[in-house]
Amino acid sequence: MRASQYYIATTKEAPSEAELISHKLMLRAGMIKRLSSGIYTWMPLGLKIVRKVEKVVREEMNAIGALEMLMPAVQPAEIWQESGRWEFYGKELLRMKDRHERDFCLGPTHEEVVADTIRKDIKSYKQLPLAVYQIQTKFRDEVRPRFGVMRAREFVMKDAYSFHTNFESLLATYNDMYSAYCNIFNRLGLKFRPVAADTGSIGGTGSHEFQVLADRGEDIVVYSDECDYAANLELAEALPSRSARPAAAAKMAKIATPTQKTCEEVTQMLGVELATSIKSLVFEGIDGKPVLLLVRGNDSLNEIKAGKLSALKQPLTFASNEAILEHFNCQPGFIGPVGFNGITIVDREVALLADFICGANQDGYHLTGVNWGVDCAEPQVADLRNVQEGDCTPDGKGKIKLCRGIEVGHVFQLRTKYSEAMNVTYLDQNGKSQLMEMGCYGIGVTRILGACIEQNNDDNGIVFPLNMAPFEVIITPANYNKSEVVKLEADNLYNHLRANQLDVILDDRNERIGFLLADSELLGIPYRIVIGEKTLAEGKVELYNRRSRETELVEIDLVVKKVTELILNERK
Ligand code: ATP
Ligand code: MG
C-alpha cells in the first residue's frame, strides 16, 4: 500500500465528546467517523483492523468445528413473542413496522432466529451436536451509548450457538469455545482474564466473561493473586469477615440527627466507624408491600444479588417515597429495622453486627446500640453486598483484589431456556421427542478495537500489538518526492517487503518528515523503517520499534531480512 493512494485522515485534535483515550485515538487516527449517537462509519483504515480481528475469530471458530452462517438483521416480532423477550428486552430493542403494519425489530442478538432455524431443520439426534456462528451487525438501543465503538448502538458481534442432545455434550462444546476464546484474545495480543459471570434466571455456574484489563473499563473484575479465583463483581460471593456475632454490650438509645441522613454523616457526628452503621434500602415486594434490605454503611448493595431474592418484584424497583412514608412514617434518610413489621433481609455482615446504628423510623433521629434478637427480631440473611478489596475469596484460599475490565466476550450455557420457550426438539434413539440443550457464545468484534487501544497507548498515540496493527511495517522516507536516492531505496525496500508477504505501507505522501513520523506513531504501526540521505550515505537505514521505542541503524542490505524475521516470529 502506498500512503498517497490510501485513505489516511489523521487529525491533531479529537472532538471534545470523546471521553476515553481509545475513543479519542480512534477518531484522531481516522478509523471511525460518527454518523449519529452510537453509530459509526468504519473508514478503510479501521475496517482493515476489524477484518484482521475477524480473520482470527473465524480461524479459531472453524478450528473447533463451528460452521459459519449469516442470519438476518431484521427479525419478525413473532419469534420474540414466543421466547418472551418482546416484552422483557425493553427499550434496548429497536422496533419497527413494515408496510403491512407487522412488527419487526433490529436484531440485538440471535437466539430466537437460530432457534427457529434449527427447530425447522434438525429432526434427529443423529444431526447433533451442532455449532454455528456468524459475524454480523447488531443493533441495541443502549441507554447511554458512549466510548465510541465500545458501547455503540450499532456494532459487529461474532455470535455462536450450539445445540446438543445432552448436558455433557453442551459442556464439551462450552469448553472448546472457552479455549478458542483464550486463543483468540492471546493471538490478538490482549491482556485479558476469563471470569465467572452471572447466569441470571438460568442458574448454575455456566457462564464466563472475557475481560480485557483496563483502568477505565466499565466492569469490575474480582480476582486473587493467591489462587485462581476470578469473577465479575455482579457474581462474586461475599463472605462475612467474622464467624460469629459479638455479644451485645450497649443499650438502644435514640439520638437526634436533624441534618444527618447518611451513614457517613451520622457516624462522623458520633466519631465511630462507618462499619458500625447500617444502610437501609427499601424495594417493592412481590405483594406490592415494601421490603427492607440492609447492608453495612461501608458496603454497597449488589443489585444482581438483590434481584434474585424471591420476595422482591422483578425487575428490582425502589419503593416510592409515598410507600416509605406510609410504612415507615419517615423520610428515606431515617429508615431502620426497629419497629418495621414487613420483610427485612440483611447482608451476612449486618447479621453479625452487635450494637449497631440505624435509622429510628422518625424524621431527625437515629438509634445507637441496636441488637438483633433484642431490639428487633432475628432477620432473614442473604449475600447482598459487593465484595471489597481484602475480603476472602469464596474458596478461602486468597484475598480479593479488584480491577477494571472491558467485556469483550461472553460464553453461556443456556440449557433449555429457549428450547422450552420455542419448542426446539429432536427425536432421540427411541423416537421420542426431547428438548435440545443450547449454548451461546458472543465476541464484541468492534469493541475489541477500542479495548485493545485502551490497553495499548502512550503519549504519541496507539501502540498496536502486531496482529491488530493496520500495517505491520511502515517505510517513512525523508523527502521521497525530492531525493532520487531516497525514492529508489524506499521503492526497493517496499517491493522486497511486499514480496515477503508483509503488510507494509510506504508513506510516499509529500509532507514533512516530522509530520510523517507523528502519523506513524499515532497509528501505532509496530515497525518503522526511516530512510534519509544522511544514513543512506553510510549504507544504513533506521529501524524503529513502536512498542520498545528503540531505534537502531541497520545495513540497508540486511533490513528486509531482519524485519521479515521479526514479524514472522511474532505473527500468531
Ligand atoms: P454489556 O454488559 O457490556 O452490555 P452484554 O452482556 O450486553 O454486554 P452480550 O449480550 O453478552 O453483551 O454480547 C456479547 C458481546 O458483544 C459482549 O461481550 C460485548 O463484547 C459485545 N457488546 C455488547 N454490547 C455492545 C455494545 N453496545 N457495543 C459494542 N459491543 C457490545
Ligand atoms: Mg448489554
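Can you list which of the trypsin sites (Lys or Arg not before Pro) found in region 1-71 are DSSP loop residues with at most 11 other C-beta atoms within 10 Å?
Sparse-neighbourhood loop trypsin sites (Lys or Arg not before Pro): LYS12.
For region 266-409, which whole percent of the accessible surface, found with a 1.4 angstrom probe, sits on carbon and sulfur atoms?
Values: 3040 of 6130 Å².
With neighbouring chains kept in place, the figure for region 266-409 is 50 percent.
Kindly identify region 508-558 as rounded, prolate or oblate by the Cα gyration tensor criterion: order the square roots of the eigenvalues as a ≥ b ≥ c, call it rounded if a/c is under 1.5, otherwise compare a/b with b/c, prolate if a/b is larger, else oblate. Kindly include the intermediate steps, with their values, before the conclusion.
Working: a/c = 2.52, a/b = 1.26, b/c = 2.00.
The shape class here is oblate.
With a cut-off of 13 Å, note down the residues of region 276-309 whose backbone N falls inside the zone around a label point 7 Å from the Cα of GLU326 toward its beta carbon.
It comes to 284-285, 287-291, nothing else.
Apply 1/(1 + (r/R0)^6) to the Cβ-Cβ distance of VAL338 and CYS227, taking R0 = 60 Å, and write down the FRET efficiency to the nearest 0.05. The partial results should precede the final answer.
Values: r = 40 Å, r/R0 = 0.67.
That gives a FRET efficiency of 0.90.
Counting only protein heavy atoms and a 1.4 Å probe, tell me what percentage of region 471-559's accessible area is made up of carbon and sulfur. Each step should come with its number before you reach the end.
On the way: 1940 of 4180 Å².
That fraction is 47 percent.
Go ahead and collect, in residue order, the members of region 391-420 whose backbone nitrogen is under 18 Å from a label point 7 Å along the Cα-Cβ direction of ASP215.
Residues 402-406 fall inside that zone.
Looking at the square roots a ≥ b ≥ c of the eigenvalues of the Cα gyration tensor of region 78-166, which shape do they give, rounded for a/c under 1.5, prolate if a/b is larger than b/c, or oblate?
On the way: a/c = 2.52, a/b = 1.47, b/c = 1.71.
Note, shape of region 78-166 comes out oblate.
Leaving out ligands, DNA and RNA, what percent of the accessible area of region 111-247 is carbon and sulfur, probe 1.4 Å? Before the final figure, lay out the partial values.
Values: 2760 of 5740 Å².
In region 111-247, the share of accessible area belonging to carbon and sulfur is 48 percent.
Could you compute the FRET efficiency for ASN500 and GLU92, with r as their C-beta to C-beta distance and R0 at 51 Å, rounded to 0.05? Could the numbers behind the result be given before it?
Numbers: r = 47 Å, r/R0 = 0.93.
My answer for the efficiency is 0.60.
Gap in Å between the Cα centre of region 333-352 and the Cα centre of region 134-153?
Taking the Cα centre of region 333-352 as reference, the centre of region 134-153 is 40 Å away.
Over the chain, calculate the relative contact order: mean separation of alpha carbon pairs under 8 Å at least 6 apart, over the residue count, as a percent. Please report the intermediate quantities before stating the final value.
Working: 1206 pairs, mean separation 93.4, N = 572.
That works out to 16 percent.
Could you calculate the FRET efficiency of THR41 with ALA249 from 1/(1 + (r/R0)^6), where r is the beta carbon distance between them and R0 is 60 Å, rounded to 0.05?
On the way: r = 67 Å, r/R0 = 1.12.
My answer for the efficiency is 0.35.
Treat each spin label as a single point 7 Å out from the Cα along the C-beta direction, and report the SER548 to LYS55 distance in nm.
2.5
Can you tell me how much longer the chain between LYS289 and GLU78 gets when fully stretched, taken as 0.36 nm per residue apart minus their C-alpha distance, in nm with one decimal?
Values: separation 211, 0.36 × 211 = 75.96 nm, distance 3.50 nm.
Extending this stretch completely gives an extra 72.5 nm.
For the pair VAL381 and GLU565, how long in nm is the line joining their label points, each one 7 Å along Cα→Cβ?
6.5
Apply the Karplus parameterisation 6.51 cos²θ - 1.76 cosθ + 1.60, with θ equal to phi minus 60°, to every residue of region 334-344 and state each ³J(HN,Hα) to the nearest whole Hz, in sequence, with x for glycine and proline.
So the Karplus estimates, Gly and Pro as x, are 10, 6, x, x, 6, x, 7, 9, x, 7, 10 Hz.
Mind listing which trypsin sites (Lys or Arg not before Pro) in region 219-310 are in a DSSP loop and have 14 or fewer other Cβ atoms within 10 Å? Kindly include the intermediate steps, with their values, before the conclusion.
Working: sites: ARG242, LYS251, LYS254, LYS261, LYS279, ARG296, LYS305, LYS308; in loops: ARG242, LYS251, LYS261, LYS308.
Sites meeting the loop and neighbour criteria: ARG242, LYS251.
Extending each Cα 7 Å along its Cβ direction at GLU303 and ASN510, get the distance between those two points in nm, one decimal.
Once both label points are built, they end up 5.8 nm from each other.
Can you tell me how the chain classifies by the Cα gyration tensor, rounded, prolate or oblate, using a/c under 1.5 as the rounded cut?
Working: a/c = 2.40, a/b = 1.61, b/c = 1.49.
Because a/c hits 1.5 or more and a/b exceeds b/c, the chain counts as prolate.
Whole number in Å², please: accessible area per residue of region 99-165, 1.4 Å probe, ligands, DNA and RNA not counted. Please report the intermediate quantities before stating the final value.
Numbers: 2790 Å² over 67 residues.
Result: 42 Å² of accessible area for each residue.
Report, in deg cm²/dmol and to the nearest 500, the calculated mean residue ellipticity at 222 nm for the chain, where each DSSP H run with n ≥ 4 adds -39500 (n - 2.57) and the sum is divided by the residue count. Numbers along the way, then the final one.
Values: 16 runs with 157 residues, N = 572.
It lands at -8000 deg cm²/dmol.
Explain nothing, just compute: Karplus ³J(HN,Hα) = 6.51 cos²θ - 1.76 cosθ + 1.60, θ = phi - 60°, for every residue of region 93-104 in order, whole Hz, x for Gly and Pro.
Listing the rounded values in order: 8, 7, 9, 7, 10, 8, 5, 9, 6, 8, 7, 9 Hz.
With unit charges on the beta carbons (Lys and Arg positive, Asp and Glu negative) and the dipole taken about the Cα centre of the chain, which residue among ASN569, MET1, ILE343 sits farthest to the positive side?
The residue sitting most towards the positive pole is MET1.
The values are calculated or read from the model by the stated rules, or taken from the named source; none is laboratory data. Please read all numbers here as calculations on a predicted model, not as lab measurements. Positions of Cβ are backbone-derived with ideal geometry, glycine not excepted, and every protein chain shown enters the neighbour counts. Only protein heavy atoms, including side chains, enter the accessible area calculation; ligands, DNA and RNA are left aside. Shrake-Rupley method; radii C 1.70, N 1.55, O 1.52, S 1.80 Å.
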